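Q: Below you will find the structure I want to go over with you.
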Amino acid sequence: MELTKNFVKHKNPCANGFRWFLRNYQEGCDYQPLLNALVDAGRVDDACWLLTQFGPTDTILKVDAIEADAIVFAGSLEVVGNIDVASIVRTGRTMRAGGGIRAGHSIVAGEDIRCGGSIRSEGLLTAGGNVRAGWGIDVQTYLHCGGDVRAEWDLFCGSDLSVDGNALVGRDLTTRGTLRCSGNIRAGGAINSADRIWVGNGIECGMSIHCGSHLEASWGIKANETIVSIGSIKAGESLQAEGEIQAGDGYGIYAGLNVHVDAWEASARVRARTKPVRLMSGWWSGDGLV
């Protein structure tokens, strides 16, 4: 794709960026070489803007390893070893690495991100498709995944975590912001959120669930230890814990919200070490119907 002066101008670029383009590429330039030139000139934000405006390509770049200040590639990256960038790594389509992926500012892919090691971003991580790490995922600010996110080890997010598919974590899942997942959450360890947890399907946790605000799942919630929320606890179906189930002061605990009352005994059972305080709905398996 060749980007001419009029073609770029039609996208309403910033005045400073357009002047740079006219000084260096008065006669126009091919798409990816222009992205490379912008990155080399330290104009990474302009390169990202250009990729947003003109979209991805089907080009595939295959290399042994990447170590750079930044990389903005319109197609797919396939790296045998590690991807290690000081600021931004961004692709129009997929990003794959046999080793790990690390960025000092952000990791962005239009489609899937997959690596055999760990993913670490000192800023944000966004992907239009699935995100999968053979080890852990550590994102210091916002994380958004347009598909499933999967980490064989821990998943840590320093701000809000948003997943349009399922979240599958081998160990602990921790977020210092809200946790939103449209599918299922399954964690082998603990689930900790400093704010609200909202899940479109169900939650299964190998240890405890701690929620800094309201906890809600459209299906069931199950934890092998405790379920503790600063706000309310709402489950569309069953609610189960081997330890205590505890909502915040003045808030209720609800099970079976999406189940007919006549089916509560089978599909809206509440089980815990002791009967939860302010259990507003559901079938308490020890004492009967509430």
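Q: Summing -39500 (n - 2.57) over the DSSP H runs of n ≥ 4 in the chain and dividing by its residue number, what mean residue ellipticity at 222 nm do you reach, to the nearest 500 deg cm²/dmol? Intermediate values should be presented prior to the final figure.
A: On the way: 5 runs with 40 residues, N = 290.
Taking each H run of at least 4 residues, the total per residue is -3500 deg cm²/dmol.
Q: Residue by residue, what Karplus-based ³J(HN,Hα) values in Hz, rounded to whole numbers, does the range 223-239 have, using 6.51, -1.76 and 1.60 with θ = phi - 60° and x for Gly and Pro?
A: 9, 6, 10, 10, 10, 10, 10, 6, x, 7, 10, 10, 10, x, 10, 7, 9
Q: About the Cα centre of the chain, how large is the charge dipole given +1 on each Lys and Arg Cβ and -1 on each Asp and Glu Cβ? Please answer in debye to the nearest 20. Mind showing how you got there, number by number?
A: On the way: 27 positive and 33 negative charges, 73 e Å.
I would put it at about 360 debye.
Q: Over all distinct alpha-carbon pairs, what is the Kirkwood Rh of the range 139-228 in angstrom?
A: Working: mean 1/r = 0.0819 Å⁻¹.
Final number for the Kirkwood radius of the range 139-228 is 12.2 Å.
Q: Which of rounded, prolate, oblate describes the range 90-154, given a ≥ b ≥ c as roots of the alpha-carbon gyration tensor eigenvalues and a/c under 1.5 marking rounded, otherwise prolate only if a/b is larger than b/c? Mind showing how you got there, number by number?
A: Numbers: a/c = 1.29, a/b = 1.08, b/c = 1.20.
Judged from the Cα gyration tensor, the range 90-154 comes out rounded (a/c under 1.5).
Q: Would you list which aspartates and glutamates come within 14 Å of K62, measuring only between C-alpha atoms, while excluding same-chain residues fewer than 8 positions from it?
A: Candidates past the 8-residue exclusion: E78.
Q: With label points built 7 Å along Cα→Cβ from the Cα atoms of D45 and A86, find their separation and express it in nm.
A: 1.8 nm
Q: Turning to a different aspect of this structure: In whole Å, how far is the Cα centre of the range 216-277 from that of the range 97-151?
A: 32 Å
Q: Starting from the Cα gyration tensor of the chain, take the square roots of the eigenvalues, sort them a ≥ b ≥ c, and report rounded, prolate or oblate (rounded when a/c is under 1.5, otherwise prolate if a/b is larger than b/c, else oblate).
A: Details: a/c = 3.23, a/b = 2.59, b/c = 1.25.
Prolate is the answer for the chain, as a/c is 1.5 or above and a/b outweighs b/c.
Q: Once phi is turned into ³J(HN,Hα) by the Karplus curve 6.51 cos²θ - 1.76 cosθ + 1.60 with θ = phi - 60°, what whole-Hz value does each residue of the range 196-212 show in order, with x for glycine and proline?
A: 5, 10, 10, 10, x, 10, x, 10, 10, 10, x, 10, 9, 10, 10, 10, x
Q: Please compute the per residue accessible area over the range 32-155 with all protein chains in place, 1.4 Å probe, rounded to a whole number of Å². All intermediate terms of the calculation are to be shown ahead of the outcome.
A: Values: 5020 Å² over 124 residues.
That works out to 40 Å² per residue.
Q: Within the range 223-241, what residues put their amide N at less than 19 Å from the label point 7 Å along the Cα-to-Cβ vector of S285?
A: Inside the label zone: 223-228, 234-241.
Q: Another question about this same structure. Would you tell me the accessible area of K275, worked out with a 1.4 angstrom probe on the heavy atoms of the protein chains, in Å² to the nearest 10?
A: Rounded to the nearest 10, that gives 90 Å².
Q: If you don't mind, there's one more thing I want to ask. Explain nothing, just compute: Karplus ³J(HN,Hα) = 6.51 cos²θ - 1.76 cosθ + 1.60, θ = phi - 60°, for every residue of the range 77-94 in order, whole Hz, x for Gly and Pro.
A: 9, 10, 10, 5, x, 9, 10, 9, 10, 6, 10, 10, 10, 9, 10, x, 10, 8
Q: How do the peptides 49-60, 235-246 rank, highest first, by the average count of neighbouring beta carbon atoms within 10 Å per residue? Walk me through the numbers before you get to the answer.
A: Working: 49-60: 15.8, 235-246: 22.2.
My ranking of the peptides, most packed first, is 235-246, 49-60.
Q: Please list, in chain and number order, the residues 5+ apart from T91 or on another chain whose amide H is under 5 Å from its amide H, with Hs placed from the backbone.
A: F73, V108, A109, G110
Q: Check which residues have an amide H placed less than 5 Å from A97's amide H, if you skip close sequence neighbours.
A: Under 5 Å from the amide H of A97 lie the amide H atoms of V79, R114, C115, G116, each far enough along the sequence or on another chain.
Q: Still on this structure, I have one more. Shape verdict for the range 164-217, please, from the Cα gyration tensor: rounded (a/c under 1.5), prolate (a/b greater than b/c) or oblate. Walk me through the numbers before you get to the answer.
A: Numbers: a/c = 1.58, a/b = 1.05, b/c = 1.51.
Verdict is oblate for the range 164-217.
The values are calculated or read from the model by the stated rules, or taken from the named source; none is laboratory data. Small disclaimer: the values here were computed from a predicted structure and weren't measured. Neighbour counts are summed over all protein chains in view; Cβ atoms, including those assigned to glycine, are modelled from backbone coordinates with ideal geometry. Each accessible area value is taken on the protein alone, full model and side chains, heavy atoms only, with ligands, DNA and RNA left out. Shrake-Rupley method; radii C 1.70, N 1.55, O 1.52, S 1.80 Å.
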